[in-house]
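Heads up: the structure comes next, in C-alpha cells.
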Amino acid sequence: MADVVNTNQFKSGMAIEIDGEPYTIVESQHVKPGKGGAFVRTKVRSIRTGNVLDKTFRAGEKFTRMDTRSRALQYLYSTETEVVLMDPESYEQLSVSPGMAEEAMKWVVENMDVQVFYLDGQPIDVEAPTTVELEITHTEPGLRGDTAQGGSKPATLETGVSIQVPLFIEQGERIKVDTRTGEYLSRA
C-alpha cells in the first residue's frame, strides 16, 4: 500500500504526488493566521520538468508519498549525449542525460562521488556533494592594501565555474566550495 503523508509531516527532499505528478518538496512552512484555518506554504520541484512551483495546502491535507532512494555513484566522464556514472562496489555503469546532471556537473570532476536519486527504480536526479575541493585555474593577483576589511575577486575553478574568493587566494591553490550556494569556504 502507498505511504500517505499529512502536510504536517512535510520535510525538504520528500517526494509526493500532486495531481498525479511527482514532486519533491524544496521547503515548507506551516502558517497559522490569526483569522481562518492554518495552511502550509510550500515550494515544490517537478521531478519530470525541474520547474519549481509555489503551492499552498490546507493543514492536514493528505498526499501519497513516492518511493525514492539514493545511491552514491562515481562520476566517470561526460559526452554531449550522456553522463556516465559507476557503482564503486559492483562496477556497474549508469548513463543519465546531461540535463538531469547539469547542476551537479558544475562542481564535479572525474572520479568524484555524486548522489543519484531514484523514483520507482528510475534515476531522476544527480546531486554533487555539499562541499567539494577544487583547484583554481585562473584568478588575478590580489594587491595588498586594496581594502581595509578584506575583499573578494573572481576566480575560475577547474570545472569552469567562476566564484568570488578572498584577495589572498592565488592561482593553482585548492579551495573548498559550498555547492549549494557557490560560496568559498576555505583553503583545502
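Every read-out reported here was derived from the displayed coordinates using simple, explicitly stated rules and does not represent laboratory data. Just so we're clear, the structure is a prediction, and the values are computed from it rather than from any experiment. No Cβ is skipped: glycine too gets one built from the backbone with ideal geometry, and neighbour counts run over all protein chains shown.
Hey, what do the phi angles of the stretch 27-44 turn into as Karplus ³J(HN,Hα) couplings, whole Hz, using 6.51/-1.76/1.60 and θ = phi - 60°, x for Gly and Pro?
Taking θ as phi minus 60°, the curve returns 7, 9, 9, 7, 10, 10, x, x, 10, x, x, 5, 8, 10, 9, 10, 10, 10 Hz for the stretch 27-44.
Apply the Karplus parameterisation 6.51 cos²θ - 1.76 cosθ + 1.60, with θ equal to phi minus 60°, to every residue of the stretch 152-159 and state each ³J(HN,Hα) to the nearest whole Hz, in sequence, with x for glycine and proline.
My calculation for the stretch 152-159 gives 9, 8, x, 9, 9, 8, 4, 8 Hz in order.
Taking H placed 1.01 Å from N in the peptide plane, check which residues at least 5 places from residue 171 or on another chain put their amide H under 5 Å from its amide H.
Sorted by chain and number, the residues that satisfy this are 139.
Output the peptides 84-90, 125-131 sorted from most to least packed, where packing is the average of other Cβ atoms within 10 Å over each peptide's residues.
Going from most to least packed, we get 125-131, 84-90.
Across the Cα atoms of the stretch 3-65, what radius of gyration and what greatest pairwise Cα-Cα distance (Dmax) are found, in Å?
11.4, 37
Whose amide H sits under 5 Å from the amide H of residue 187, counting only residues 5 or more places off or on another chain, with H placed in the peptide plane?
Under 5 Å from the amide H of residue 187 lie the amide H atoms of 176, each far enough along the sequence or on another chain.
Summing Lys, Arg as +1 and Asp, Glu as -1, what charge do residues with Cβ under 11 Å from the Cβ of residue 101 carry, residue 101 excluded?
Summing Lys and Arg as +1 and Asp and Glu as -1 gives -4.
Rg and Dmax of the stretch 68-127, using alpha carbons, in Å: what are they?
Considering the stretch 68-127 through its Cα atoms, Rg and Dmax are 10.3, 28 Å.
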